[in-house]
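Asks: Following this message is one structure expressed as structure tokens.
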Amino acid sequence: MKNQDSINLARQSQSPRILNRPQKTLQEVVFKEALAAVVQSETVVEIDALREVLAAGLPQNSETTRLRYADSLIKWFFRDGLNGLALTTWRSYRDFSIQLAVHRYLYLCAEPIMAASVSTVLPRLQDGIVAPSHYLISHAEKAIGHSLVLLSRKRLLSNLRKLGFLEKTSTGDRIATPSFNPTAALICLHHAFSVEAVRTIEVSQIEANPFWFYMGLRNADQLRDFLRAADHAGLIGKYIVADRLEQITTSFGWRELIERRAKL
């Protein structure tokens, strides 16, 4: 029993602390700090140590506030642990352009309000136009099915700017497209479908998964161009389009893809 208790305690120490907040609220994302944290976190071996490293790199004066934000960073970017997607990617590539896109994907997977805005609201709008804030907020609220408090409405727009989907101008927020990184998109495709080995995925399933909006693609034609490029580069087994059949077959699991430092 004593040994089992020790095992349970060890497991708990490796489990990320998840911040419990109502889904009707949004927190300001500290995106730049999260990217900087991977450099200092790559040798960390315990979640509690990661929490301390994250808190130490935050600008807030209050230790309580820094620790609260550190819990949020773990929820957003490291909820799958120290051998999860964020740190595994960094250890192999050490490339901030790839890491930026992977962090954006992880954040949007963890924040349904932001995810709905990116995958449902923004694709309806032409890239480069100035969109009234009330339009973005009201349609985001329709997409998530409930209203947002004033502070969360402000954070919605601020977070979209930090993620690269909006650009603040003198006339309002302009619809923008984050820089597309095909290598990060390839990694996130494999991660989104929990690919551990060779498997076949229908393209209709890929279209239905919002990960590609998170990457900065705006329509299905761009998605197919990306899949064709991955096929031509030999980074997926094959991309088949025949009659009503459209599917890809993977060559590697997501971890193996990263370990190989595959680049597209």
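The values are calculated or read from the model by the stated rules, or taken from the named source; none is laboratory data. Worth saying up front: this structure is predicted, and the values here are computed from it rather than measured. For neighbour counting, all protein chains shown are included, and Cβ atoms are generated from backbone atoms with ideal geometry for every residue, glycine included.
Asks: Given (1) within 23 Å of ARG218 (Cβ to Cβ); (2) in contact (Cβ under 8 Å) with a residue 60 or more places away in the chain; (3) among the hydroxyl-bearing types (Ser, Thr, Tyr), identify the lone condition not met by THR88.
Replies: Looking at each condition in turn, THR88 falls short on (1).
Asks: Given the conditions (1) free of Cβ contacts under 8 Å to residues at least 12 places away in the same chain; (2) in a helix (DSSP H, G or I), and given that VAL121 satisfies all but one, which numbered condition is not satisfied?
Replies: For VAL121, the exception is condition (1).
Asks: Based on what the data block shows, is ALA262 aliphatic (A, V, I, L, M), out of contact with any Asp or Glu (no Cβ under 6 Å at 6 or more places or on another chain) and not in a loop (DSSP other than H, G, I, E, B)?
Replies: Spelling it out, it is not the case that ALA262 is aliphatic (A, V, I, L, M), out of contact with any Asp or Glu (no Cβ under 6 Å at 6 or more places or on another chain) and not in a loop (DSSP other than H, G, I, E, B).
Asks: Report, ordered by the first and then the second residue, all pairs with beta carbons closer than 8 Å, sequence separation of six or more or different chains, a first member in the stretch 174-190 that is buried (at least 22 other Cβ atoms within 10 Å of the Cβ), and a second member that is part of a strand (DSSP E or B) and of a type in the set (Phe, Trp, Tyr).
Replies: Note: no pairs meet the criteria.
Asks: Now for a separate question. Considering only the stretch 100-110, I want to know if a residue exists there that is in contact (Cβ under 8 Å) with a residue 40 or more places away in the chain and over 21 Å from the mean Cα position of the chain (by Cα).
Replies: No, the conditions are met nowhere in the stretch 100-110.
Asks: Next question. Determine whether the stretch 77-86 contains at least one residue that is buried (at least 22 other Cβ atoms within 10 Å of the Cβ), within 19 Å of TYR214 (Cα to Cα) and among the aliphatic types (A, V, I, L, M).
Replies: Yes, because at least one residue in the stretch 77-86 is buried (at least 22 other Cβ atoms within 10 Å of the Cβ), within 19 Å of TYR214 (Cα to Cα) and among the aliphatic types (A, V, I, L, M).
Asks: State all residues of the stretch 195-214 that are in contact (Cβ under 8 Å) with a residue 24 or more places away in the chain and of a type outside the set (A, V, I, L, M); if no residue qualifies, say none.
Replies: The answer is GLU196, ARG199, THR200, GLU202, SER204, PRO210, PHE211, TRP212, PHE213, TYR214.
Asks: For ALA37, indicate whether it is within 12 Å of the chain's Cα centre (by Cα) and small (Gly, Ala, Ser).
Replies: Spelling it out, it is not the case that ALA37 is within 12 Å of the chain's Cα centre (by Cα) and small (Gly, Ala, Ser).
Asks: State which residue is modelled with the lowest pLDDT when the search covers only the stretch 50-101 and only residues that are part of a helix (DSSP H, G or I) and among the small types (Gly, Ala, Ser).
Replies: Step by step, filter the stretch 50-101, then rank; the result is ALA56.
Asks: A follow-up question, please. From the residues in the stretch 28-47 that are of a type in the set (D, E, K, R) and farther than 17 Å from ARG94 by Cβ, which one is surrounded by the most Cβ atoms within 10 Å (Cβ to Cβ)?
Replies: In this case the residue turns out to be GLU33.
Asks: Residue by residue through the stretch 221-254, note down the ones that are touching a Ser or Thr at 6+ places or on another chain (Cβ under 9 Å) and free of Cβ contacts under 8 Å to residues at least 12 places away in the same chain.
Replies: Of everything in the stretch 221-254, those that are touching a Ser or Thr at 6+ places or on another chain (Cβ under 9 Å) and free of Cβ contacts under 8 Å to residues at least 12 places away in the same chain turn out to be LYS238, ILE240.
Asks: Now for a different question. Among the residues of the stretch 113-138 satisfying the criterion of being at pLDDT 90 or above, surrounded by fewer than 18 Cβ atoms within 10 Å (Cβ to Cβ) and in contact with a helix residue (DSSP H, G or I) (Cβ under 7 Å, 6 or more places away or on another chain), which is farthest from LEU217 (Cα to Cα)?
Replies: By that ranking, first place goes to THR120.
Asks: Would the stretch 189-196 turn up any residue that is among the β-branched types (Val, Ile, Thr) and either out of contact with any Ser or Thr (no Cβ under 7 Å at 6 or more places or on another chain) or modelled with pLDDT of 95 or more (or both)?
Replies: No - not one qualifying residue is present in the stretch 189-196.
Asks: So, GLU167, is that one free of Cβ contacts under 8 Å to residues at least 40 places away in the same chain, under 22 Å from the mean Cα position of the chain (by Cα) and in a strand (DSSP E or B) or not?
Replies: yes
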